[in-house]
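S.K.: Sending over a structure as structure tokens; questions will come in a sec.
What follows is calculated from the coordinates using simple rules that are stated; it is not laboratory data. In this text, all values refer to a predicted model and were calculated from it rather than measured experimentally. Note that each Cβ is placed from the backbone with ideal geometry, even for glycine, and that neighbours are counted across all protein chains shown.
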Amino acid sequence: AKAPLEATKRFREALNFLCAYSKDQGYNLKFALEPKPNEPRGDIYLATVGHALAFIQTLDDPAMVGVNPEVAHETMAGLNFLHGVAQAWDAGKLFHIDLNDQAPGRYDQDFRFGAVNLKSAFFLVKFLEDVGYTGSRHFDAHAYRTEGVEGVKDFARGCMRTYLILKEKAQQWNADSEIQALLADVQQAEGGAAVPAWGGGYSAAAASALKEHAFDRKALGARNLAYERLDQLTVDLLLGVR
């Protein structure tokens with residue numbers, strides 16, 4: 001029964017008020033929205049990173065507001081968390097990040113980081129380390145309900161240990177000669193580093209070159225991009241047999 005346009009207007013008014021009050025008080029603050037699709041049954045506005053990024057641009061002072069993505073929340077929506085994080089980073093809006101784990105299609109489980117999907121966790125850690133993210137890495141998760149005090153400590157240590165292990169694995173992946181050779185082959189098969197005549201932004205000449213170029217569909221389809229091999233090498237590395 002909620003009116004979605006009215007709800008969005010109220011959300012915008014509240015954030016504009018908050019930002020203006022913060023500046024008026026002389027606080028040097030920024031604010032991060034944490035998208036989430038439901039809690040755990042009802043729908044929530046600004047459900048994903050993409051929703052939040054679009055909304056932020058409608059505020060009076062968009063520079064003051066960013067996002068705090070969480071692994072579990074995007075996974076609950078069936079989305080690729082890394083893609084959302086990369087988009088937030090590209091927009092300059094990755095203010096914080098919440099690390100945990102989640103099975104798709106379930107309630108907000110907040111599992112220990114890396115407890116469900118190690119490969120997704122690996123590529124997330126690799127991205128954060130590769131781009132030089134220096135913000136906080138929050139472990140917004142909780143131990144199994146059967147754990148006592150020592151079990152909670154094991155849980156906390158496990159979150160940090162898994163991140164650090166995956167950080168080392170990311171360094172190993174970046175230094176692996178066979179993996180890097182496969183990546184170079186893929187880039188070459190996709191056209192190499194050369195910028196085509198229609199690349200580099202729009203111009204009348206670029207548009208004309210694109211229209212005149214004859215793409216060889218059969219040759220493009222015959223390329224061997226070796227993603228299966230690359231993926232298996234990644235799995236081997238994560239399993240410790242490489």
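S.K.: Give the total of Lys-Lys pairs in the chain with Cα-Cα distances below 23 Å; include a pair only if its members are 8 or more places apart or on different chains.
M.R.: Summing the qualifying lysine pairs gives 16.
S.K.: For the stretch 150-187 and the stretch 121-135, write down the distance between their C-alpha centroids in whole Å.
M.R.: Answer, in whole Å: 10.
S.K.: Something else: Hey, what do the phi angles of the stretch 34-48 turn into as Karplus ³J(HN,Hα) couplings, whole Hz, using 6.51/-1.76/1.60 and θ = phi - 60°, x for Gly and Pro?
M.R.: Once θ is set to phi - 60°, the couplings for the stretch 34-48 become 10, x, 7, x, 7, 8, x, 10, x, 5, 10, 5, 6, 6, 9 Hz.
S.K.: Starting from the stretch 54-160, pick out the chymotrypsin sites (Phe, Trp or Tyr not before Pro) whose DSSP state is loop and whose Cβ has at most 12 other Cβ atoms within 10 Å.
M.R.: Numbers: sites: Phe55, Phe81, Trp89, Phe95, Tyr107, Phe111, Phe113, Phe122, Phe123, Phe127, Tyr133, Phe139, Tyr144, Phe155; in loops: Phe95, Tyr107, Phe113, Tyr133, Phe139, Tyr144.
Here the chymotrypsin sites (Phe, Trp or Tyr not before Pro) that fit, given the DSSP loop and packing criteria, are Tyr144.
S.K.: Taking the stretch 111-152 on its own, what percent of its Cα-Cα pair distances exceed 11 Å? The partial results should precede the final answer.
M.R.: Values: 622 of 861 pairs.
The calculated P(r) of the stretch 111-152 puts 72 percent of pairs beyond 11 Å.
S.K.: Here's another thing I want to ask about it. With springs connecting C-alpha atoms under 10 Å apart, model the chain as a Gaussian network and identify which of Val65, Val152, Val195 has the largest mean-square fluctuation.
M.R.: Val195
S.K.: Rounded to the nearest 500 deg cm²/dmol, what is the calculated helix-only ellipticity per residue at 222 nm for the chain, with -39500 (n - 2.57) per DSSP H run of length n ≥ 4?
M.R.: Working: 10 runs with 125 residues, N = 242.
About -16000 deg cm²/dmol.
S.K.: If the elastic network links every pair of Cα atoms under 10 Å, which of Lys30, Lys211, Lys119 fluctuates the most in the Gaussian network model of the chain?
M.R.: Comparing Lys30, Lys211, Lys119 in a Gaussian network model of the chain, the most mobile one is Lys211.
S.K.: Right, another one. Determine, for each peptide in 221-227, 165-171, 234-240, the mean count of other beta carbons within 10 angstrom over its residues, then list the peptides with the highest first.
M.R.: On the way: 221-227: 11.0, 165-171: 17.1, 234-240: 14.0.
Ranked by mean Cβ neighbours within 10 Å, highest first: 165-171, 234-240, 221-227.
S.K.: Using only Cα atoms, what is the ratio of the radius of gyration of the stretch 177-241 to 2.2 N^0.38 Å?
M.R.: On the way: Rg = 16.6 Å, N = 65, 2.2 N^0.38 = 10.7 Å.
Against the compact-globule rule of thumb, the ratio is 1.55.
S.K.: When you have a sec, figure out the Kirkwood radius of the chain from all distinct Cα pair distances and drop it here in Å to one decimal?
M.R.: Working: mean 1/r = 0.0473 Å⁻¹.
Kirkwood hydrodynamic radius for the chain: 21.2 Å.
S.K.: Amide H of Gly66 versus every other amide H placed in the peptide plane: which residues, excluding those fewer than 5 positions away on the same chain, fall under 5 Å?
M.R.: For Gly66, the qualifying residues are Phe31, Ala32, Leu33.
S.K.: I would also like to ask the following. Across every pair of different alpha-carbon atoms, what Kirkwood hydrodynamic radius in Å does the stretch 16-149 reach?
M.R.: Details: mean 1/r = 0.0638 Å⁻¹.
Here the Kirkwood hydrodynamic radius works out to 15.7 Å.
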